[in-house]
1. Taking every eigenvalue of the Cα gyration tensor of the range 18-59, multiplying by 5 and rooting it, what semi-axes result, largest first, whole Å?
2. Whole percent per 10 Å bin, from 0 to the bin with the longest distance: what is P(r) over all C-alpha pairs of the chain?
3. Given the -39500 (n - 2.57) contribution per DSSP H run of 4+ residues, what per-residue ellipticity at 222 nm results for the chain, rounded to the nearest 500 deg cm²/dmol?
4. Which shape class, rounded, prolate or oblate, goes with the range 88-167 when its Cα gyration tensor gives a ≥ b ≥ c as root eigenvalues, a/c under 1.5 marks rounded, and past that a/b bigger than b/c marks prolate?
5. Kindly put Tyr114, Tyr6 in sequence by how many other C-beta atoms sit within 10 Å of each C-beta, fewest to most.
6. What ranking of Leu86, Leu221, Leu211, Leu230 emerges when the number of other C-beta atoms within 10 Å of each C-beta is taken as an exposure proxy, fewest first?
7. Asn180: net charge of surrounding residues, Cβ under 11 Å, Lys/Arg +1, Asp/Glu -1, itself excluded?
8. List the lysines whose alpha-carbon lies under 16 Å from that of Lys135, not counting same-chain residues fewer than 8 positions away?
Amino acid sequence: MMQSLYIGSTGMLGMQTQIDTTANNIANVNTIGFKKSRAEFSDLMYKTMEYAGTSTSDTTKSPTGIEVGLGVRPTATNKIFTEGNLKQTDNQLDMAVTGRGFFKVQLPDGTEAYTKNGAFKIDENGSVVNSDGYKLIPEIVIPADATNITVGVDGIVTVTQPGQTAATQVGQVNLTNFINPAGLHSMGDNLYLETDSSGQPVEGTPGVDGLGNIRQGFVELSNVQLVVELTDLITGQRAYDSSSKIITTSDEMLQTVNGLKR
């Protein structure tokens, strides 16, 4: 059987992964805090018919040898954590991180998750939560009679209450960083989980030890660039078509061989 049939199929499978990854990026172009992914590939093992350096005569050697590759395989979908553009919302509980760092929230089962989506809200108890009701950690409770909420670039949360001339501090927004953010596990809902590859979470005050600052009244938009993604989509489609053409051509060659007569 011609090896090119199998090589073409690996190309089609690989390009399908790229197209799926690009499609997910495009679908989330308006998702707050979304980070795009990039599909990465490597070539498969080679079939060696003649090693480089093989003697071709008593005095000469083959300078290159003969090796035929066996196709391609996906190796990773790498998360790209470049910053997205900031959008001003004027919502007092919307926060964006300028620089490194994630907000930490607590899931219903007690697990800690991390997010770049800073569109926070207040629940029925006054706790600051995300859109799914997961509490921001450390927990911050806003008094029911608060007339104004201020979040400093260092994460200090203060409120103004009736009858008071000075603002009252009610909490501190911390940020968490990882030595390898690309190693985090994407669980959906703009949330990430720690893994062995991400390294241990390092929590700290915004603006200290390499962590970014907090910008109140802003959200960080997706870092997807549509022009780039559409270009990658076209490239992936053409590569997919070319791989399918390899299979078609190989099949036609086999048909020609099968049609030979003595």
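Read the figures in this text as sums done on the coordinates, not as results from a lab. What you are looking at is a predicted structure, and each value in this text was computed from that prediction instead of being measured. Cβ: placed from backbone, ideal geometry, glycine included. Neighbour counts: every protein chain shown.
1. Semi-axis lengths for the range 18-59 are 49, 9, 6 Å.
2. 6, 22, 23, 16, 12, 9, 6, 3, 1, 0, 0
3. -8000 deg cm²/dmol
4. The shape class here is oblate.
5. Tyr6, Tyr114
6. Leu230, Leu86, Leu221, Leu211
7. Result for the neighbourhood of Asn180: -1.
8. By straight Cα distance, Lys135 reaches Lys104, Lys116, Lys121.
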